[in-house]
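Heads up, the thing below is written out as structure tokens.
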Amino acid sequence: MENSFDPHRIEQTLYDEWENASYFAPSGNGPAYCIVIPPPNVTGSLHMGHAFQHTLMDALIRYHRMKGDRTLWQMGTDHAGISTQMLVERQLNAEGRTRAEVGRDAFVERVWQWKEASGSNISRQLRRMGSSLDWSRERFTMDDGYAEAVLEVFVRLFEDGLIYRGQRLVNWDPQLKTAISDLEVESSEEQGKLWHFRYPLLGGATTKDGKDYLVVATTRPETMLGDSAVAVHPDDERYRSLVGKRVRLPLVGREIPIIADDYVDPEFGTGCVKITPAHDFNDNEVGARHDLALINVMAEDATINGNAPAAYQGLDRFEARRRVVADLEAQGLVELIEDHKLMVPRGDRSGAVIEPLLTDQWFVKIQPLADPAIAAVENGDVEFVPKQYENLYFSWMRNIQDWCISRQQWWGHRIPAYYDEAGQVYVGRSETEVRQQHGLGSGIVLRQDSDVLETWFSSALWSFATLGWPDETADLEVYHPTDVLVTGHDIIFFWVARMIMMTLKFTGEVPFRKVYIHGLVRDAEGQKMSKTKGNGLDPLDLIDGVSADELVAKRTSNLTQPQMAPRIEKQTRKEFPDGIPSYGTDALRFTFCALATSGRDVRFDLNRIEGYRNFCNKLWNAARFVLMNCRTEDGAAVDPDGAAEYSLADRWIRSRLHHLLADSHRALDTYRFDLYANAVYDFAWHEYCDWYLELTKPLLWSESTTPAALRGTRRTLLTVLEALLRAAHPIMPFITEAIWREVAPLLGNDRPTIMLEGYPESGDFDADAEADAAVDWLKGVVLGIRNIRGEADIRPRQTVDVLFQGGSERDRQLATATEDLFKRLATVDAIDWLEPGAAAPANALALVGDLKVMVPLAGLIDLDAERTRLEKEIGRKHQEVGRLQGKLGNAGFVDKAPAEVVDRERQKLADAEAALHTLREQVAALGNA
RNA sequence: GGGUGUUUAGCUCAGUUGGGAGAGCGACGGCCUUACAAGCCGUAGGUCGCAGGUUCGACCCCUGCAACACCCACCA
């Protein structure tokens, strides 16, 4: 083995071996365990969120596979309708062509080509993460079988009356020229204006203060071209008498009524609202209540259409706004223009301002689907981890609106609806089926609906469609419901909720029993990683390393706002002046696990991954040490047979391993990846390496060690390391496999891979309270000496002598039993015992219980330095005594606290008082020296 | 406007049913001690956001407040 760990030497070849040997496929007859991957965009690339998520999933998958479960991690990708279409369209535009020129069929063909060409990108990246996905079952949301499932679902929902088509006001993206769902609209506060316009009253009516016009306020002047009414609050005294009267709509000339509606807030603005039912969701409802006309004045590209006066037709909506304001101003009808902050809705893909627009769309009637889905979470069939996300789920589900599923796009599942020339609509699995069912002869021309389904409609079927539905497959029987869905809180509504609804409807089962919600990955400053901000990290750059120049180039290329480039470059060079070193996959995975505290967003900090890269190296070197001592030059185990005798240290480390395994199981079973990672780290570094390996050295290197004792220690070194590797494998698969293949044969295990070994159980190793106590004692004594040495600046190689005094019989026994260990760990030469009461030479003192551990000053230790050290200790003890006295002096405590707690505190006080007394004596003795 | 989460060492975060707080990184001092300088040894850092309350006892439970973050919502 090399003397430092090099991830690149092992990762790729090990993964290829695993995959070629089909280790990722389910095997055995254990209970089924299944996770479906949240399908990444087929043409996308791996980002930090994926890497995080897949690390957690793979840890669970590998854990369960090792536990013997019949484990399936279902792979698949998503066709990602809008974003993929946008991408290909941009490619076309770069070639100077447009989607319209190319035509639908050719365009879709081109998207398929792009999918084939780039789809392997994400797969390759997932492999680099070590993800043990079953590639042999890979699915795609538009493969033939999946398309059949989508079709089936649509038709059945239609037949059940849960899908309908209607003309409604929808969120319209004028740039993409498609409807989008409520969820795809992101509103943010922007600075705008509030325009106050005068609408002249008709029939000689006047307001209370004698004006012959009403003043309405609006943030969207251009929509006034489609106004159908002016509304006031029914109780508003100012306007009550005007209700039922009419105003003349300026610029248009239309007479429109003044109506009364509760919707109006009399406190806001003038208390008069223009009502535009075709261009505002609220106005639309008001319009419906008052039977107002819907006057649509906008085309699909948000230009003004033929329903508006000729002067505005063809103008873009923002240009129309300027013209409307200018024209009203010219007529003296603008009362006031004030600055106003408002929430502006934008499409999450295009960033374009969303226009409420009247169009024909397909909708899912959602309430009948939502009710059982709410119940499934209420009754615990589906549980969220952490639990509080259930509230988020409930609050959305209980106010859910019908779901607009049609998109005016080309890439996606085409809606299986057909129209005859009269516009009559028929829904069926195919045109042939439609003709048969409705007796439509070949003479009747049918035209298929040109819209496609929104992507989330098809991903909602993910858990069961990937397992073969609508066929009744064995996979569905075995793996469905799946065990856990691992995902971010940002897609609970988009995906999780819809999956629960659809899966219950079509399989009668929940899609998964648990939903583990992880946080979002942010940068070291807590900012969301984004292309625009140029603060994103590529997981592969963390694995392989990247130069500063390359990183800058990546972050500044293809920016939507190229003017940001200099700032991004400056920031990047400041944060990563030397680029990013290569850390390897295991270190990256370990970092993600360690950061995965319950549901919180995580800040990704290079210091963390560096620490875990170091941990990998530590493990690697611990293995080298073990192999050096347990393997002969020709690769065989040293002295493998014969009786073994186990030392205190051997028993102790096995006991610690017992506790590690208990903790690991508990952590993994409760999705506490951070606790799992910490437990592994702490055991490997601070118990196995820091103490156990050091404790074996005197024994391994001593001439006088018996063969049986040597065997015991070698066997323990190997056994514990081997179990540790298995315990850590789910989190760091590559390094554990590489080391395991060296170690396992020495224990007589010639099986090929750690992946399929059992996950170690705490019951495999005995807890040993006696060994734990003994090593704790030893650590106390050693740390006492080290503290003296450190504070007195005694060189590490300079040996010291030690005197023991006082203490119990047990202290004497332990001191004898651990003498060699103690001498080595604390660099001690001679040990002597002083009789109780005997005078000690001037010394530096450490207390372990009531045992005095003394290092004679003997010119090594400065008297003043020792006095300072003792005073510090006395200060601490004094404080402790005071605290305990206060507590025990409180009658309430002594009376009401449990007796065992009181006893414990009394014991602590006695110990502290005794220690304080001894320390004070010691200071006095130093004074006399 | 409604809701959720967060606030613990210089930084990033743990803290399991209430019994006077831990880790990693960083800082400081000392070491190339034959697994590992990506390492070893030692040290110093905290009124647990603020104010009340419950309790013998509160980082933990309750109330209020503040700051930050996020989600939802129709105020033109």
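Before moving on, here are some points about what is shown:
- Matching option when the condition is more than 16 Å from RNA strand B (Cβ to nearest atom) and surrounded by 21 or more Cβ atoms within 10 Å (Cβ to Cβ), among A:LEU724, A:LEU657, A:LEU718: A:LEU657
- Which numbered condition A:GLY287 fails, given (1) surrounded by 17 or more Cβ atoms within 10 Å (Cβ to Cβ); (2) of a type outside the set (Phe, Trp, Tyr); (3) more than 16 Å from RNA strand B (Cβ to nearest atom); (4) closer than 24 Å to A:ILE259 by Cα: (3)
- Condition check for A:GLY130: in a loop (DSSP other than H, G, I, E, B), open to solvent by 50 Å² or more (accessible area, probe 1.4 Å) and not hydrophobic (A, V, I, L, M, F, W, C): no
- Pairs where the first residue, in the range A:786-799, is among the polar types (S, T, N, Q) and the second is more than 8 Å from RNA strand B (Cβ to nearest atom) and open to solvent by 70 Å² or more (accessible area, probe 1.4 Å), C-beta under 9 Å, 6+ apart: A:THR799/A:ASP829
- Filter result for the condition that a residue is in contact with a Lys or Arg (Cβ under 6 Å, 6 or more places away or on another chain) and either among the hydrophobic types (A, V, I, L, M, F, W, C) or within 16 Å of RNA strand B (Cβ to nearest atom) (or both), over A:ARG522, A:ARG608: A:ARG522
Matching residues to (1) crowded, with 22+ Cβ neighbours inside 10 Å; (2) touching a Leu at 6+ places or on another chain (Cβ under 8 Å); (3) within 26 Å of A:HIS64 (Cβ to Cβ); (4) without any contact (Cβ under 8 Å) to a residue 24 or more places away in the chain:
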residue: A:CYS616; (1), (2), (3), (4): yes, no, yes, no
residue: A:ASN621; (1), (2), (3), (4): no, no, no, no
residue: A:ARG672; (1), (2), (3), (4): no, no, yes, no
residue: A:CYS689; (1), (2), (3), (4): no, no, no, no
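- Output for the range A:208-242, where each listed residue is within 15 Å of RNA strand B (Cβ to nearest atom) and part of a loop (DSSP other than H, G, I, E, B): A:THR219, A:ARG220, A:ASP227, A:SER228, A:HIS233, A:PRO234, A:ASP235, A:ASP236, A:GLU237, A:ARG238, A:TYR239
- Answer from A:THR219, A:THR141, A:THR207, A:THR178 - the residue that is more than 30 Å from A:PRO40 (Cβ to Cβ), touching a residue at least 60 places away in the same chain (Cβ under 8 Å) and in contact with a strand residue (DSSP E or B) (Cβ under 9 Å, 6 or more places away or on another chain): A:THR219
- Annotation note: Cβ proximity below 9 Å between a residue of the range A:849-872 that is modelled with pLDDT of 85 or more and a residue that is basic (Lys, Arg) and within 14 Å of RNA strand B (Cβ to nearest atom) (sequence gap 6+ or interchain) occurs for A:VAL855/A:ARG789.
- Across the range A:871-900, the number of residues qualifying as farther than 29 Å from A:ARG920 by Cβ and open to solvent by 80 Å² or more (accessible area, probe 1.4 Å) comes to 3.
- Some residue of the range A:850-862 being part of a strand (DSSP E or B) and either in contact with a Ser or Thr (Cβ under 9 Å, 6 or more places away or on another chain) or within 12 Å of RNA strand B (Cβ to nearest atom) (or both): yes
- Being β-branched (Val, Ile, Thr) and part of a helix (DSSP H, G or I) is a property that A:VAL170 lacks.
- Filter pass, A:ASP236 being more than 24 Å from A:GLN313 (Cβ to Cβ), out of contact with any helix residue (DSSP H, G or I) (no Cβ under 7 Å at 6 or more places or on another chain), open to solvent by 70 Å² or more (accessible area, probe 1.4 Å) and not hydroxyl-bearing (Ser, Thr, Tyr): no
- Scanning the range A:87-133 for residues that are farther than 21 Å from A:MET48 by Cβ, in contact with a Lys or Arg (Cβ under 9 Å, 6 or more places away or on another chain) and either of a type outside the set (A, V, I, L, M) or modelled with pLDDT under 90 (or both) yields A:GLU89, A:GLN91, A:ASN93, A:PHE107.
- For A:VAL273, the stated conditions hold: it is within 14 Å of RNA strand B (Cβ to nearest atom), modelled with pLDDT of 90 or more, among the β-branched types (Val, Ile, Thr) and open to solvent by 30 Å² or more (accessible area, probe 1.4 Å).
- Criterion: modelled with pLDDT under 95, in a helix (DSSP H, G or I), loosely packed, with under 13 Cβ neighbours inside 10 Å and within 16 Å of RNA strand B (Cβ to nearest atom) - qualifying residue of A:GLY784, A:GLY763, A:GLY780, A:GLY790: A:GLY790
The values are calculated or read from the model by the stated rules, or taken from the named source; none is laboratory data. Since the model is a prediction, treat every value here as computed from it, not as a measurement. Cβ atoms come from the backbone with ideal geometry, glycine included; neighbour counts cover every protein chain shown. These accessible areas exclude ligands, DNA and RNA; they are computed on the full protein's heavy atoms, side chains included. Shrake-Rupley method; radii C 1.70, N 1.55, O 1.52, S 1.80 Å.
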